[in-house]
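Step one of this worksheet: look at the structure below.
The values are calculated or read from the model by the stated rules, or taken from the named source; none is laboratory data. These numbers come from a predicted model, not from an experiment. Cβ placement follows ideal geometry from the backbone for every residue including glycine, while neighbour counts extend to all protein chains displayed.
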Amino acid sequence: MVRPAPSGAAETQPLLPLDIDPEEEVDQDGCFPPHNVHDLCPANPHAHLPVYTTIHRIRKDVIQAIDDPYGIEQLRDPRMNISVVRPLVDKLYELNDVSIVYCLLVNRVKFQREQQTSHLQSVCATRALLCELLASRILRRFNEDNPGAQGLLLLAHILVGAFDPFQNAPAEVLEQSSHDLSWAGQQRMGNKRKIPALEMAIISESKLFLSSSACQKVVNAIYEGRVVYTPTSFLNILPDHYKQKPVSLYNPRKAPLFNQYRLIVPRTRNLLDVCQFIILLALFLAVMTDRDPSKFGILELVFIIFTIGFLLDIFATILEHGWDVYTQNLWSFLDATFAAIFGVYLVLRIHGWRVGSLEPAQQAMDVLAMGAPVLVPRLAFNLMSENMLFVSLRAMMRDFTILTVLAVWCFAGFLLSMVWLADGDHTPITISKWMLWVWFGLDGTGIQRSVEFHWLLGPMLMVAFAFLGNTLFLTILVSMLSTTFATIVANANAEIQFRRAVLTLEGVKSDAIFSYQPPFNILALLILLPLKFVLTPRWFHKINVAAVRTLNAPFLLIIGIVERRILWPKPRRFRNAEELPKPPGVRSRPWDFSRGFSMHGDIQAVFDTEPPQSVEDEIANDDDLNHPTLEDEYVRQFGRDVEGERRKKTAPKDRRDSVAPFAGLPQRLRDLISPESEDENTEDVKNRLEALEKSTLRIEGLLGRLCADLDDGLGKRERDSDEEGNGYVEPSTLSDFDTTGTGETND
């Protein structure tokens, strides 16, 4: 249950019921909380939240709190934590609002965009960091205060429950926003304009937030299919929104065996995508092995049809979540490159077939051969997406591309100068080839033949280009790539969790086209899309579900059996230790040679199962644990204060205890310092402290008089010396000071 608001505010009802078992109280689809069969689009439980007001409240608080630039480590400093971060966390958390995290991430996006245009770039970056840090802290508090399945459902509502930024805004604001929005924004009205907090975190690249344990708890649950929902989308190719699934917990033992919604679970979807790509790669290799431009065989036709279905799935993914989310994927640039290559190949192949010429057909096969450097490593990206080599390779390729484009742009002036100096003796292609060889240090032909441009200016241009391109450019390139790789490795865990969140968000689909595997999605597009404009939504939904279950019957059967038998096994009682289930992640696998062929495999095996109840009882009743220990003897000698400290150590800690007065002091010292204590021993010690303070004041007075007398004595000696005309005063020594001071004190 969410912590209620502070005193003075109206009492709030629990966001989730506590007397319902999520494992048992489910609906006909195996989802909790249950909803009626005829409840096609359940009402939004958070429609009353003032999202628009909260967004601007947070923006005002963050701007007032941050006026100077800080780094993430400085924001985590204890002083900043106590003075800035924690008060904001307490203030926002006490609102008891599940849209707080979403509003914080919306403000983070706003501050990031202001960072690019405002003169206060560093301050805006700090404000964006603060929004991310606040969102992470508040989500952690929700996780700590709401354990169990109910808490998981609440966290899912926070992260994937979509919100409208103009929710409950004033009427004049809504009217003004409808005129200011672009065409794309006007198309995203109602539910389409709602965006979940998880997507906002990906767009803003909030890697600190996404790598938090509370966020990964929800991401893993969505990836495994324990949390299900119908996401919002920008555009759908084959929309079927007759039924909307709210954010729910899923129990496969209560769901139908042929559940078509399990095809869009991210884990299942990822496995199907890998299988589809393996089929595509096999067809590509088969076509290129038996390539013959003069013949158009069945194998090539199958390859073309399957590839079109594969690219249709990619295009629908881009429309589902937008280009910004899609490009965060590791293999997005590989898919985009292969799509361009296949498009050129298909155009040339159709043109050659139309004109009956072999030359365009041969060019088409040559272009298709360029897809091998893209398709072969793409499989490695799929299978090892969390490998640091591939995670860093994507970012390094981006930096390399940007720097190369800038270098080509800058060095184009050298090419123009040499072309004009050559005056038609050498073509621009030949000069570009010579420059490219010099750039990569492969050949010095360009330098040797530069005198053909001009006896003086030609060698000067080519040598200058060699220095700038081969030496300076490559040095900058290596430095940039080294810095990028070091940054990614330093934040390896956050990078991996960020990619996992992107893969999970992309895996949850709402478009019905994703329920059809390539190339059946082409048939669905050609047949069902026209029916969409003829049938009612109810009948279109019925036909769509029937088609999906028929075409994917083997997959649905396998998914249903695996989820019931392996992923969600039914709980049962066990008699012996050998019958106990093994926890996830340590199940013995046939290819796990570290146990079967290792003499130390039993060390890991002994922890694979929980001990039976008899062993637990024996451990609990062990007499050795009840014998007096050194700690007990220490408590017996030094009394109740030590016992209280021991209980304090074993009690659950609260982060709010760190700001309590005298939190780390023993009880006796706290009693001495506290003015409310009335103990007799404490009163005696206080009287002694007061007497000691009075004695200290008297000593300070004596020392003051002593110093004043010394100053008077030194001044008198200086005047006597001046009267004698000497002009020189013998410096006082430490012995003189001690003698004078002692004598005056004795008097």
Residue in the range 48-70 that is assigned by TED's automatic domain parsing to the domain that holds Glu144, farther than 30 Å from Asp240 by Cα, of a type in the set (S, T, N, Q) and at pLDDT below 90 present: no
Qualifying residue in the range 321-331 (condition: crowded, with 18+ Cβ neighbours inside 10 Å and over 25 Å from Arg394 (Cβ atoms)): no
Criterion violated by Ala486 - all others in (1) of a type outside the set (Lys, Arg); (2) under 21 Å from Gln328 (Cα atoms); (3) in contact (Cβ under 8 Å) with a residue 40 or more places away in the chain satisfied: (3)
Among (1) within 35 Å of the chain's Cα centre (by Cα); (2) assigned by TED's automatic domain parsing to the domain that holds Thr487 - the single one Gly413 does not satisfy: (1)
Residue under evaluation Ala501, criteria (1) at pLDDT below 85; (2) under 30 Å from Asp240 (Cβ atoms), criterion not met: (1)
Tally of residues being more than 24 Å from Arg538 (Cβ to Cβ), hydrophobic (A, V, I, L, M, F, W, C) and part of a helix (DSSP H, G or I) across the range 230-285: 13
Identity of the residue in the range 63-74, out of contact with any Leu (no Cβ under 6 Å at 6 or more places or on another chain) and in a helix (DSSP H, G or I), that ends up surrounded by the most Cβ atoms within 10 Å (Cβ to Cβ): Ala65
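For (1) among the β-branched types (Val, Ile, Thr); (2) modelled with pLDDT of 90 or more; (3) under 30 Å from Val109 (Cβ atoms); (4) in contact with a Phe, Trp or Tyr (Cβ under 6 Å, 6 or more places away or on another chain), each residue gets a yes or a no:
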{"site": "Leu358", "(1), (2), (3), (4)": "no, no, no, no"}
{"site": "Gly371", "(1), (2), (3), (4)": "no, yes, no, yes"}
{"site": "Leu383", "(1), (2), (3), (4)": "no, no, no, no"}
{"site": "Met388", "(1), (2), (3), (4)": "no, no, yes, no"}
{"site": "Val391", "(1), (2), (3), (4)": "yes, no, yes, no"}
Residue within the range 335-357 that is buried (at least 19 other Cβ atoms within 10 Å of the Cβ), in contact (Cβ under 8 Å) with a residue 40 or more places away in the chain and closer than 24 Å to Ala501 by Cβ present: yes
Restricting the range 679-738 to residues that are outside any helix (DSSP H, G or I) and of a type in the set (D, E, K, R), the residue that is modelled with the lowest pLDDT: Glu730
For Trp591: the one exception among (1) at pLDDT 80 or above; (2) part of a loop (DSSP other than H, G, I, E, B): (1)
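Based on what the data block shows, is Thr430 at pLDDT 90 or above and more than 30 Å from Gly309 (Cβ to Cβ)?
Working: at pLDDT 90 or above: yes; more than 30 Å from Gly309 (Cβ to Cβ): yes.
For Thr430, the condition - at pLDDT 90 or above and more than 30 Å from Gly309 (Cβ to Cβ) - is met.
Here's the yes/no breakdown for (1) farther than 15 Å from Phe465 by Cβ; (2) among the β-branched types (Val, Ile, Thr):
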| position | (1), (2) |
| --- | --- |
| Ala361 | yes, no |
| Pro377 | yes, no |
| Phe381 | yes, no |
| Ser385 | yes, no |
| Ala407 | no, no |
| Ala412 | no, no |
| Ser432 | no, no |
| Val438 | no, yes |
Residues located in the range 464-499, provided they are more than 17 Å from Leu406 (Cβ to Cβ) and of a type outside the set (A, V, I, L, M): Phe467, Ser482, Phe485, Thr487, Asn491, Asn493, Glu495, Gln497, Phe498, Arg499
Qualifying residues in the range 228-243 (those that are within 25 Å of Phe32 (Cα to Cα) and among the β-branched types (Val, Ile, Thr)) - the one surrounded by the most Cβ atoms within 10 Å (Cβ to Cβ): Val228
Residue tally, condition among the aromatic types (Phe, Trp, Tyr) and either outside any helix (DSSP H, G or I) or modelled with pLDDT under 90 (or both), over the range 294-325: 2
